[in-house]
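The structure appears below as structure tokens.
What follows draws every value from the coordinates through simple rules; no lab data is involved. For clarity, every value in this text was computed on a predicted model and none was experimentally measured. Note: ideal-geometry Cβ built from the backbone for every residue, glycine included; neighbour counts use all protein chains shown.
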Amino acid sequence: MLNLITYPSKILRQRSRKVKLPEIASARFKAFLNELGRTMLEEDGLGLAANQVDKDLRVFSVNFKGRPKVFINSFIYFKSFGKEAGEEGCLSLPGIFGTVKRSRKIRLFYRDEQGGLRHLAARGLLARVILHETDHINGVLIIDRISKYQLGGKKVELWKKRARSYEI
């Protein structure tokens with residue numbers, strides 16, 4: 001199992017790098033994808049991005065019908081105007097839960113674990129999870145999007161105060 005990285009680790013705020021096609025074909029990368037999926041399932045996550053396990057890669061895994069589905073170098077080209085609010089948490093922000101508005105429907109291109117180019121139209125919970133994980137690989141966290149905290153709001157306010165005290 002891979003080690004989870006938690007906030008305020010700097011890698012969670014970085015935009016991850018694209019994976020090159022030769023990398024996707026390597027045995028080492030395939031082993032990483034298996035471990036990423038296994039870690040997500042063992043942690044009861046709906047999704048897990050590579051930077052959450054300290055890897056600078058545009059890769060995430062989604063719990064799709066109880067099995068890991070891998071998205072490599074994904075590109076969302078459509079987000080519906082219609083949004084819905086839902087509660088979200090994050091493995092990298094333990095004890096933080098809040099309401100986040102996300103598009104109801106999305107369409108994206110991505111590479112699968114063999115490097116093949118794929119297309120997906122997603123809606124509902126699957127769209128929400130893909131948008132959450134896409135935020136991760138872009139260095140965005142739910143604490144940037146939460147409109148109302150159900151749990152952990154005071155902890156986040158403390159983090160923000162500390163961050164402001166370090167600004168010059």
Collect the residues in region 119-154 that are surrounded by fewer than 16 Cβ atoms within 10 Å (Cβ to Cβ) and over 23 Å from residue 64 (Cβ atoms), keeping them in residue-number order. 139, 144, 147, 148, 150, 151, 153, 154
Filter region 19-40 down to residues that are exposed (fewer than 15 other Cβ atoms within 10 Å of the Cβ), among the small types (Gly, Ala, Ser) and without any contact (Cβ under 8 Å) to a residue 60 or more places away in the chain, then give me how many there are. 3
May I ask you to list pairs of residues, at least six apart or on different chains, whose Cβ atoms are under 8 Å apart, with the first in region 93-108 being touching a residue at least 40 places away in the same chain (Cβ under 8 Å) and outside any loop (DSSP other than H, G, I, E, B) and the second being loosely packed, with under 15 Cβ neighbours inside 10 Å and aliphatic (A, V, I, L, M)? 97/151; 98/151; 99/85; 100/85; 101/85
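If you check 72, 76, 5, which single one turns out to be more than 25 Å from residue 104 (Cα to Cα) and aliphatic (A, V, I, L, M)? Spell out the reasoning first.
Details: 72 fails: more than 25 Å from residue 104 (Cα to Cα); 76 fails: more than 25 Å from residue 104 (Cα to Cα).
Only one candidate passes the filter, namely 5.
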If I ask for residues that are part of a loop (DSSP other than H, G, I, E, B) and either under 9 Å from residue 56 (Cα atoms) or without any contact (Cβ under 8 Å) to a residue 24 or more places away in the chain (or both), which ones from region 5-18 would you list? 14, 15, 16, 17, 18
Yes or no: region 104-115 includes at least one residue that is in contact with a helix residue (DSSP H, G or I) (Cβ under 6 Å, 6 or more places away or on another chain) and on the phi > 0 side of the Ramachandran plot. yes
Taking region 61-75 only, how many residues are touching a helix residue (DSSP H, G or I) at 6+ places or on another chain (Cβ under 6 Å) and over 17 Å from residue 125 (Cβ atoms)? 1
The condition of being within 13 Å of the chain's Cα centre (by Cα) and within 30 Å of residue 157 (Cβ to Cβ) holds, among 72, 11, only for 11
